[in-house]
Amino acid sequence: MTPSTVSSPKLPQTLRIGPFRVKSFGAQALAGQLYRQLALGRRTELFFANTNFVVTCKDFAARFDDPAITVVNDGIGMDLAAKLMHGTRFQENLNGTDFIPRLLGGSPLPLRVFLFGARPEVVGEASRTVERRFGHEVVGALSGYGVDDAEVCRRIRDAEPDVVLVALGNPLQERWILDHAKALPPALYVGVGALFDFLAERAVRAPVWVRKLRLEWLFRLLQEPKRLWKRYTVDAVRFFRICRAARAEA
């Protein structure tokens, strides 16, 4: 990819949510910035911050203050916090499950993609979807189970990917990228959560009308109540307490 294939993006607004500086992008502008960084061969780390991210990553929030790192908003909780703390909202809801397929599908040139995380059968199916649906070359696909970090890093170095998708869930995927990306080949490193499950069709998205109403969190809670009830109840309260404390300290 060459720099001439994409134009320079405008600088986005930055909103502080809890201890994090979160960029307010439109999806098109964010994609344009990422294509430009890829064209220039620069390391970029992209994180989607939802309420669970803020709660689970707050203790190492200072590590996200790096020019190569972009944190964007994901979910209605972030919008509510932005409205309460800053009197405004984010431009768009940028969840990775929607944005990453859009990024891959709109790339001006073919990409070399490395997938890391999820169960072996899931990452395998997700890699085939990336090749079939988006026409990119998958240069590596490793499960998040039973592989040590040294082996993962060796495989990434050997593969020389343009994009590395890390699906370990919060906060493991964030810690992994922060710990290792700087020592790996320049690429776009993204924490993608459950994306591989959706690409592999092992998980079901909420209907479009539910997503438009910003109620996908409720759809997921009804699907997996035992796993997600704490995230959408106890952790939601913790999230707003973290935001309130950060505002008081500002």
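The values are calculated or read from the model by the stated rules, or taken from the named source; none is laboratory data. Because the structure is a prediction, the values reported are computed rather than measured. Cβ sites come from the backbone with ideal geometry, for glycine too, and all protein chains shown count toward neighbours.
The rows are residues; the columns are (1) surrounded by 19 or more Cβ atoms within 10 Å (Cβ to Cβ); (2) of a type outside the set (Gly, Ala, Ser).
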{"site": "Glu137", "(1), (2)": "no, yes"}
{"site": "Val147", "(1), (2)": "no, yes"}
{"site": "Arg157", "(1), (2)": "no, yes"}
{"site": "Glu160", "(1), (2)": "no, yes"}
{"site": "Val164", "(1), (2)": "yes, yes"}
{"site": "Ala167", "(1), (2)": "yes, no"}
{"site": "Gln173", "(1), (2)": "yes, yes"}
{"site": "Ile177", "(1), (2)": "yes, yes"}
Query raised in the report: Of everything in the stretch 179-217 that's surrounded by 19 or more Cβ atoms within 10 Å (Cβ to Cβ) and of a type in the set (D, E, K, R), which residue is nearest to the chain's Cα centre (by Cα)?
Result: Asp197
Query raised in the report: Conditions: (1) farther than 28 Å from Gly124 by Cα; (2) surrounded by fewer than 20 Cβ atoms within 10 Å (Cβ to Cβ). Phe239 meets all but one. Number of the miss?
Result: (2)
Report summary line: When restricted to Leu84, Leu109, Leu115, Leu103, the only residue at pLDDT 95 or above and either β-branched (Val, Ile, Thr) or more than 25 Å from Asp149 (Cα to Cα) (or both) is Leu103
Report task. Inspect all residues belonging to the stretch 94-107 and state whether any of them is more than 16 Å from the chain's Cα centre (by Cα) and either among the β-branched types (Val, Ile, Thr) or in a loop (DSSP other than H, G, I, E, B) (or both). Result -> yes
Query raised in the report: Which one is nearest to Arg21 (Cα to Cα), of the residues in the stretch 39-60 that are small (Gly, Ala, Ser) and out of contact with any helix residue (DSSP H, G or I) (no Cβ under 6 Å at 6 or more places or on another chain)?
Result: Ala49
Requested in this report: Take the residues in the stretch 41-73 that are touching a Pro at 6+ places or on another chain (Cβ under 6 Å) and farther than 15 Å from Lys182 by Cα, then tell me which one is surrounded by the most Cβ atoms within 10 Å (Cβ to Cβ).
Outcome: Cys57
**Report entry** Per-region count, the stretch 112-151, residues in contact with a Ser or Thr (Cβ under 8 Å, 6 or more places away or on another chain) and at positive phi
**Finding:** 2
Requested in this report: Name every residue in the stretch 52-87 that is closer than 17 Å to Val192 by Cβ and of a type outside the set (A, V, I, L, M), in order of residue number.
Outcome: Asn52, Phe53, Thr56, Cys57, Phe64, Thr70, Asn73, Asp74, Gly75
Query raised in the report: Is there any pair with a first residue in the stretch 70-87 that is under 17 Å from Ala246 (Cα atoms) and in contact (Cβ under 8 Å) with a residue 24 or more places away in the chain and a second that is among the acidic types (Asp, Glu) and crowded, with 24+ Cβ neighbours inside 10 Å whose Cβ atoms are under 9 Å apart and which are 6 or more apart or on different chains, and what are they?
Result: none
Query raised in the report: Quick check: is even one residue across the stretch 48-58 more than 13 Å from the chain's Cα centre (by Cα) and charged (D, E, K, R)?
Result: yes
Query raised in the report: Do we have Arg175 as closer than 17 Å to Val122 by Cβ, out of contact with any strand residue (DSSP E or B) (no Cβ under 6 Å at 6 or more places or on another chain), in contact (Cβ under 8 Å) with a residue 60 or more places away in the chain and of a type outside the set (Asp, Glu) here?
Result: no
Report task. Answer yes or no: is there a residue in the stretch 203-222 that is within 26 Å of Arg132 (Cβ to Cβ) and aromatic (Phe, Trp, Tyr). Result -> no
Query - Where Arg220 falls short, out of the listed (1) without any contact (Cβ under 8 Å) to a residue 24 or more places away in the chain; (2) surrounded by fewer than 19 Cβ atoms within 10 Å (Cβ to Cβ) - result: (2)
Query raised in the report: Out of Ala150, Ala159, Ala194, Ala200, which single residue is without any contact (Cβ under 8 Å) to a residue 24 or more places away in the chain and either among the hydrophobic types (A, V, I, L, M, F, W, C) or in contact with a strand residue (DSSP E or B) (Cβ under 6 Å, 6 or more places away or on another chain) (or both)?
Result: Ala150
Report task. With the condition kept exactly as written, say whether any residue in the stretch 15-27 is among the aromatic types (Phe, Trp, Tyr) and touching a Ser or Thr at 6+ places or on another chain (Cβ under 9 Å). Result -> yes
